[in-house]
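Let me begin by presenting the structure, written as structure tokens, before commenting on it.
The values are calculated or read from the model by the stated rules, or taken from the named source; none is laboratory data. Note that the structure is a prediction, hence the values are computed from the model and not measured. All Cβ positions, glycine included, derive from the backbone under ideal geometry; neighbour counts span all protein chains shown.
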Amino acid sequence: MYVDRIAQLVLAAGVVSLFPHLAYASAAFSQTGGIPGVVVGVGSHFQVTDSEYLNVSVSSTEAIKLRLTSVPKVLTMRLESSSGSATSTQITIAGLAPDTTYYQYEDNLHNLTQIVSSDDGTYTYTQDISEAHIVFIQERHSTKFIFDDATGGDCISFGTWDAATLTCTLTSDISETIEIDSDGVTIDGAGHTMDGSQGVTMGVYLDARNGITVKDLTIKNFSYGVFLNASSHITVAGTAISDAGIISFDSSEDAFTGDTFSGNDRTFISFNSSGDIMRDDTISGSADADGVFLFTSTGGTIASSTFSGLGQALFLYDGSDDIAISGNTFTGLGDALFLYDSYDNTITENTLSDSQRALFVYGSSHGNTMYHNNFLRNGTNALDYSDTLNNNFSLPNPVGGNYFDSFDEPSEGCNDAGGEGLCDAPNVFAQYYDAGQDAFPWTTQDGWDKPSSPKVSNVLFLPGIEGSRLYEGTGCGKTVEEKLWEPLADSFIQILFGAGDKKVKDLFLDPAGESVCGDIYAKADDVIDSVGGSDIYKSFIGEMDGLKADGTITDWKPVAYDWRLSLNDLLTKGTERDGKIYYEESTSTPYIEQTLRALAASSKSGKVDIVAHSNGGLVAKALLNQLGSETPALVDKVILVGAPQSGAPVDVGALLYGLDQGISSWGIPILHSSVARSLALNSPMAYHLLPSEDYLESTMGDAAHPVARFAGDGYAAEIAAYGATIANRVALDDFLLAKDGGREKPGANDVSSAEVLNAPLIDYANNAHAALDAWAPPDGVEVDQIAGWGADTVAGIDFYTMRPTSVLAALGPMRMYRPIFVEDGDGTVPIPSALMMASSTNVKRYWVDLDSYRIATSIKRSHRDLFEIPSLEDFIKNIIKNSNTLTPYITSSQPSPTSDTKKLIFFLHSSITPPASTTPESESLSDSVAALQLKDPSGKTVGLAEDGSMTEDIPGSSYGEFGEVKYAIIPEPQGNQYQLMLYGRKSGRQTDSGQTGTFSLDIQESSGGIITASSTIANVPVTASTTASLTISGDVGTASPLTVDENGDSGNIITITPVVGETVSYEPPVPDPDTEPVTDDTTDTSNTGGASDSDYPPQTPANVAAAPVRTSPGSISIPIITTVAVPIPAATTTPVATTTRPQLAVAIPRARKHSAPAKAPPLTIANTVPNFPQTASVYDASQQPMVERIGTAIYNSIHGLWTALQRLF
């Protein structure tokens, strides 16, 4: 049989003269692969002429597509309309036994019609062809059905049924067909036999089934031992199949492992299937028998199996592409490995021996790669008769090609002058015609397999939170599919109308953590490579593709998942249909686990390396926990990059206030932080990212890492309920749930107030971390933890009290909050969490020095884009290649701080409180009326510009928003003068642009993550038109006075001087009705920018309310009348910040607020009062040249979009 097929190919290749003994070959090969009894084509008449059963003909009144198979005991027809217009046809079958009863089935064995052939052996019937159908015609009717009910259908007639696991265990042999009618069923043969010798056609029949397992069973004497149609995730394991075989139509992701096939005419035939796996199988037979035939089947794996004694062992035909064939043994065969019109297959690590022909490539086959195979004692080792000769029998040195025992000596043309183990000349496969060559053949068998170099494992990649795109189908009212994440609209108009918020609202979950819409899905491989012009995983994806292309790994897979859901949902659910993955649908073959198993099956090592980023690390640990004792057999290494193993304190801010969750561009919100917070409120992922008990224990007593701390009378209730510093998970949970703390649940849009969280999801997170934090890798599994270091990272929240702004004002303590920053993190995950597991023989710790990388490259990288650091990519590749060689900026111990670790942190608190009715639904109540931006001497900026765009262009800078708090961090200027600019912005909650709010400015000095000095300016008035500025050239003490133009018209200038270690609160002037104005005819304009002393209000002790109030920490707020914020009338020249004016040191008792004071003399400027340098005017955008303003706005807006989106990872 095999000689005929080779001959047919050789004839087609036009080289018959080279093989004259094959001249009798048939031309029927082109449609059927030369398999007897098979006809494939399009038309109205079809004839089988070479069947071992019935040579039948099929005629149709309409043109149809037909695959007709006539094998012993059964005729099989797969047919449909070829035009698409016809819906039915008359089918006439001729060649049947005359006057014989047959049993006709359509699509499954329930649809039975008993038929009788005519006296001339024909049968005519009407067939639906509006869609594809499979029709069986056989001589015997005998079927058992298994389905999910109390008895397992017919299971109890031959076995026992376990309803909990859907397992039918045979207790006796069976001689009938078993059709399985429910998904997730297991047939456990328990060593018993299915025998079809009584004329039964099929052993196990599966139609449109998912997740079926057949194991420990002997199947023999059937036309088809297992018949699969449109079925997926089927497992046949530990099963012996003889004189039967397997046939598969339109099926996918099926696995056949540890099976023994013997004595079959056709061992395994697959039509139009994908992703199938054959591993650890034994296939043997006689010289007239066939092994594995794949027709238009793609993406599968055949590994670690043995083929012997067959005519044809493995045949890839008609678009059978992207199949990995590795680690197999082919011996004693007619033809071992055959490729016809098949593309991009990888054939490696196989041994092909003692066969007439080992490897042939024909037709239009191209892009196939064949290397590291041993060719021993074959009649012909390899020939490439393809049309283009575009196939590779080797890879560049040092990978090389294959070993040929007929080409390994100098006398055969193989010399190795360099001692590299590779022949210096290619092995040309044919002397007189072009039939391909191996450019780098090896000189010794397995010469590439160095004992000291373990085989490299395939790679499974799990991205971080929000790192997979999510889609909504048409099941929730939409007419077309819509991408919901990333939440970018298709047009500017859609952005204006809140398209981003609407997309994210479609992702909302209910309080149980389940989708409000049940038609949300991810797509296979659809992780976010780039967003808004910034690469996230793009480079890493390219590197992994490169490892596959150069043969280092057989395959890799990025796993997209629904990051909103619980770890349990992700790992126990995940049904894939048409490339869409539904993580809220139950299945017996969860997508993530099945992907891991498929990668392990095709891996050179039989195992997988898991590379996980951020939340992907938690998914990875939960997966390994679920695999349990199977883990060492499936997993080689786990590489955790920036994984919040014990949570991340920044998540507390995200859940409570929507910290850094909003996205905007061109000053227009794409996603409001209030909507992002509402998504997180019922999302399990947000809860398992909270700091766990392990994190709190590991940072206990560490002043730099308090998850939350409270101070002052404003937080008396919290201190009483949870303590001054939250020290354990019970206290944290109580705080998050507002137990005993007096906090009320805010409105959905009020992100200036802390949210009250979801109690069941907090319980879920605690239970999840109880398992995750206790997990340790088993022997044989290596864990490599990689943490970013040197980026400003939120370590907790500082809840503090600002004292009343004036003893004359009836205000209570002001509740304030701001993030606490440390440097030992990657900008999101602090070191104690990323390196949670202690070092051991199979647990490693590594640091990525982000600070040194920034200084050397001027590129700022952080948690979201760690995978875009080239040296980190190289290090991950080293680990995958079984080497832990360090690369630049990667260390095995914590980096030493660099010389410029001193930083300045600016916190801007600003808000305005309108009536509730003025707040639109889409407006967050934290939308403040002030924006903060810093500019360095070169013009680079960090912060929020007037147009609403955000920048982080100053090297080493950071910017973020936290409720009503905005913050910017810069390296200490070291003598270079930086300008701080504050802009008023009209909030959605302002009824008019002139409505006044207030702001406070905190300036902190940090060294090595420790606050060493601070100063606060408080209670400063702000409107939508306000501009303010100060300069700073070093530590906090170099800050100039803050100059405020309240109305933006240069007509009302306030100057406030910060004081190190104190709070200076502005108090507006309050005229005393008992005080007469004091006039002075004397004019002095020498120090007032054109204004005279007569332009100032009378300065008497009664006007002390106009003075800033300085408050030392813990002191009572008593006015210290040493500096004054003085209103300045409109000037005719550019306004400048004024120096402060001297005052009498007079303390006014609270009870004497309105007492009439003695008149004081007019004030004059005293030269003895120190002047702060004021080199910059009050910043006014109108002073910029128009071109510069437009250019800056455009740049800032584009930059702001992608920078904001990056924060989501």
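Residue by residue through the stretch 177-190, note down the ones that are touching a Phe, Trp or Tyr at 6+ places or on another chain (Cβ under 9 Å) and crowded, with 20+ Cβ neighbours inside 10 Å. Spell out how you get there, then give the answer.
Of all residues in the stretch 177-190, those touching a Phe, Trp or Tyr at 6+ places or on another chain (Cβ under 9 Å) come to 177-182, 185.
Across the stretch 177-190, the qualifying residues are Thr177, Ile178, Glu179, Ile180, Val185.
Any idea which of Asn374, Asn378 is under 13 Å from Gln445 (Cα atoms) and either over 33 Å from the mean Cα position of the chain (by Cα) or aliphatic (A, V, I, L, M) (or both)? Write out each step before concluding.
Numbers: Asn378 fails: under 13 Å from Gln445 (Cα atoms).
Unique residue meeting the criteria: Asn374.
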Query raised in the report: Tell me, which residue of the stretch 746-769 that is among the aliphatic types (A, V, I, L, M) and touching a residue at least 24 places away in the same chain (Cβ under 8 Å) is surrounded by the fewest Cβ atoms within 10 Å (Cβ to Cβ)?
Result: Ala748
Query raised in the report: Restricting attention to the stretch 1006-1036, and to residues there that are closer than 24 Å to Pro971 by Cα and in contact with a Lys or Arg (Cβ under 7 Å, 6 or more places away or on another chain), which single residue is modelled with the lowest pLDDT?
Result: Ser1007
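Conditions tested, residue by residue: (1) surrounded by 24 or more Cβ atoms within 10 Å (Cβ to Cβ); (2) at pLDDT 85 or above; (3) not charged (D, E, K, R).
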residue	(1), (2), (3)
Pro870	no, yes, yes
Tyr889	yes, yes, yes
Lys903	no, yes, no
Ser910	yes, no, yes
Ala916	no, no, yes
Lys940	no, yes, no
Leu944	yes, no, yes
Gln974	no, no, yes
Query - Among the residues listed as Val459, Val428, the single one being of a type in the set (A, V, I, L, M) and either under 30 Å from Val619 (Cα atoms) or modelled with pLDDT under 85 (or both) - result: Val459
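Looking at Val843, is it buried (at least 24 other Cβ atoms within 10 Å of the Cβ), over 19 Å from the mean Cα position of the chain (by Cα) and among the β-branched types (Val, Ile, Thr)?
So Val843 fails the test.
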Report summary line: In the stretch 26-81, anything of a type in the set (S, T, N, Q), at pLDDT 90 or above and surrounded by fewer than 20 Cβ atoms within 10 Å (Cβ to Cβ) is listed as Ser44, Gln47, Thr49, Asn55, Ser57, Ser59, Thr61
Query raised in the report: Out of all the residues in the stretch 1020-1058, which are of a type in the set (A, V, I, L, M), more than 23 Å from Met802 (Cβ to Cβ) and either crowded, with 22+ Cβ neighbours inside 10 Å or touching a Phe, Trp or Tyr at 6+ places or on another chain (Cβ under 8 Å) (or both)?
Result: Ile1053
Query raised in the report: Taking the stretch 330-345 on its own, how many of its residues are under 38 Å from the mean Cα position of the chain (by Cα) and surrounded by fewer than 21 Cβ atoms within 10 Å (Cβ to Cβ)?
Result: 3
Query raised in the report: What strands (runs of 3 or more DSSP E) completely inside the stretch 36-114 contain at least 1 residues that are touching a residue at least 40 places away in the same chain (Cβ under 8 Å)?
Result: 38-47, 57-71, 74-81, 88-94
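This table checks each residue for (1) surrounded by fewer than 20 Cβ atoms within 10 Å (Cβ to Cβ); (2) within 30 Å of the chain's Cα centre (by Cα); (3) not charged (D, E, K, R).
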| position | (1), (2), (3) |
| --- | --- |
| Asp660 | no, yes, no |
| Pro669 | no, yes, yes |
| Ser674 | no, yes, yes |
| Glu697 | yes, yes, no |
| Ala711 | yes, no, yes |
| Thr725 | yes, no, yes |
| Ala731 | yes, no, yes |
| Glu744 | yes, no, no |
Requested in this report: Please tell me if Asp335 is in contact with a helix residue (DSSP H, G or I) (Cβ under 6 Å, 6 or more places away or on another chain) and of a type in the set (D, E, K, R).
Outcome: yes
Report summary line: Within the stretch 115-153, residues being assigned to a loop (DSSP other than H, G, I, E, B) and either under 40 Å from the mean Cα position of the chain (by Cα) or crowded, with 19+ Cβ neighbours inside 10 Å (or both) number 9
Query raised in the report: Taking the stretch 822-857 as the region of interest, how many residues are assigned to a strand (DSSP E or B) and modelled with pLDDT of 90 or more?
Result: 11
Query raised in the report: Of the residues that make up the stretch 687-695, is at least one in contact (Cβ under 8 Å) with a residue 24 or more places away in the chain and either touching a Cys at 6+ places or on another chain (Cβ under 8 Å) or over 16 Å from Thr828 (Cα atoms) (or both)?
Result: yes
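Among the listed residues Lys860, Lys844, identify the single one that is closer than 21 Å to Lys621 by Cα and basic (Lys, Arg).
Lys844
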Requested in this report: Output the qualifying pairs, or none if there are none: Cβ atoms under 6 angstrom, residues six or more apart or on different chains, first residue in the stretch 299-318 and of a type in the set (Asp, Glu), second residue part of a strand (DSSP E or B).
Outcome: Asp318/Phe295
Report summary line: Residues of the stretch 260-276 being at pLDDT 95 or above and of a type in the set (Val, Ile, Thr), in sequence order, are Thr260
Report task. Tell me which residues, restricted to the stretch 509-534, are out of contact with any helix residue (DSSP H, G or I) (no Cβ under 6 Å at 6 or more places or on another chain) and under 16 Å from Leu761 (Cβ atoms). Result -> Leu509, Asp510, Pro511, Ala512, Glu514, Ser515, Val516
Query raised in the report: Of the residues that sit in the stretch 451-486 and are β-branched (Val, Ile, Thr) and in a loop (DSSP other than H, G, I, E, B), which one is surrounded by the most Cβ atoms within 10 Å (Cβ to Cβ)?
Result: Ile465
